[in-house]
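Student: First, the structure itself, so that you have it in front of you.
The values are calculated or read from the model by the stated rules, or taken from the named source; none is laboratory data. Owing to the predicted nature of the structure, the values given are computational and were not obtained by experimental measurement. As a convention, Cβ positions derive from the backbone with ideal geometry for all residues, glycine included, and neighbour counts pool all protein chains shown.
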Amino acid sequence: MSKLTNKDRENLPESAFAFPKERKEPLVDARHVQEAIARFDQVENVTNKERDEAWKRIKAAAKKFDVELQEKDWHELFTRSGHSIPKN
C-alpha cells in the first residue's frame, strides 16, 4: 500500500495510526512509517505522553516493515529538526 485515499484512511482502525486519537500518521507500510518519522515533530496539539505512545507504535511498525530507525527516542527528532521539544 503506498498512497492512501481518504476512504482507505477512514476505513483504517485507530490502531493503524501513530496518533490514533487524532488519526494522524498511518503506519500501514514501510513508506508510511518513514513519513510518520519525518513528520513526527510537525504533529501539534498532542501531549508528550501521546508522543511516547506514538513512538512505541512507530518502533513496532518499523520493526514489522523492516525500517531502520536512526533515533533511539522521539526527542532526537526535535533536536535534529531544530524544533523545540514540547514542554507538556
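Student: Across the range 66-88, what is the number of residues that are among the polar types (S, T, N, Q) and either at pLDDT 85 or above or assigned to a loop (DSSP other than H, G, I, E, B) (or both)?
Tutor: Start the filter on the range 66-88 by keeping residues that are among the polar types (S, T, N, Q), which leaves 70, 79, 81, 84, 88.
Now narrow it down to the ones that are either at pLDDT 85 or above or assigned to a loop (DSSP other than H, G, I, E, B) (or both): 70, 84, 88.
The total comes to 3.
Student: Then there's this: Within the range 1-34, work out how many residues are of a type in the set (A, V, I, L, M) and part of a helix (DSSP H, G or I). Full working, then the answer.
Tutor: Initial filter on the range 1-34 (of a type in the set (A, V, I, L, M)): 1, 4, 12, 16, 18, 27-28, 30, 33.
Within this subset, residues satisfying the condition of being part of a helix (DSSP H, G or I) are 16, 30, 33.
Result for the range 1-34: 3.
Student: If I filter the range 47-65 down to residues being touching a Lys or Arg at 6+ places or on another chain (Cβ under 9 Å) and surrounded by fewer than 18 Cβ atoms within 10 Å (Cβ to Cβ), which single residue comes out as modelled with the lowest pLDDT? Even if it seems obvious, please write down each step before you answer.
Tutor: Narrowing the range 47-65 to residues touching a Lys or Arg at 6+ places or on another chain (Cβ under 9 Å): 48, 50, 54, 65.
Next, from what is left, pick out any that are surrounded by fewer than 18 Cβ atoms within 10 Å (Cβ to Cβ): 48, 50, 65.
Details: 48: 93, 50: 96, 65: 97.
Step by step, filter the range 47-65, then rank; the result is 48.
Student: Condition check: without any contact (Cβ under 8 Å) to a residue 40 or more places away in the chain and exposed (fewer than 13 other Cβ atoms within 10 Å of the Cβ). Does residue 35 satisfy that?
Tutor: Numbers: without any contact (Cβ under 8 Å) to a residue 40 or more places away in the chain: yes; exposed (fewer than 13 other Cβ atoms within 10 Å of the Cβ): no.
Judged against the criteria, residue 35 is not a match.
Student: If you don't mind, another one. Those residues that are among the acidic types (Asp, Glu) and either under 15 Å from residue 75 (Cβ atoms) or part of a loop (DSSP other than H, G, I, E, B) (or both), I need them from the range 35-60; list them, please. Walk me through how you get there before you give the answer.
Tutor: If we filter the range 35-60 for residues that are among the acidic types (Asp, Glu), which is where we start, we get 35, 41, 44, 50, 52-53.
Scanning the range 35-60 gives 41, 44, 50, 52, 53.
Student: Given the criteria modelled with pLDDT of 95 or more, touching a Pro at 6+ places or on another chain (Cβ under 9 Å) and surrounded by 13 or more Cβ atoms within 10 Å (Cβ to Cβ), does residue 20 qualify? Lay out the reasoning, then the answer.
Tutor: Values: modelled with pLDDT of 95 or more: yes; touching a Pro at 6+ places or on another chain (Cβ under 9 Å): yes; surrounded by 13 or more Cβ atoms within 10 Å (Cβ to Cβ): yes.
Criteria met by residue 20.
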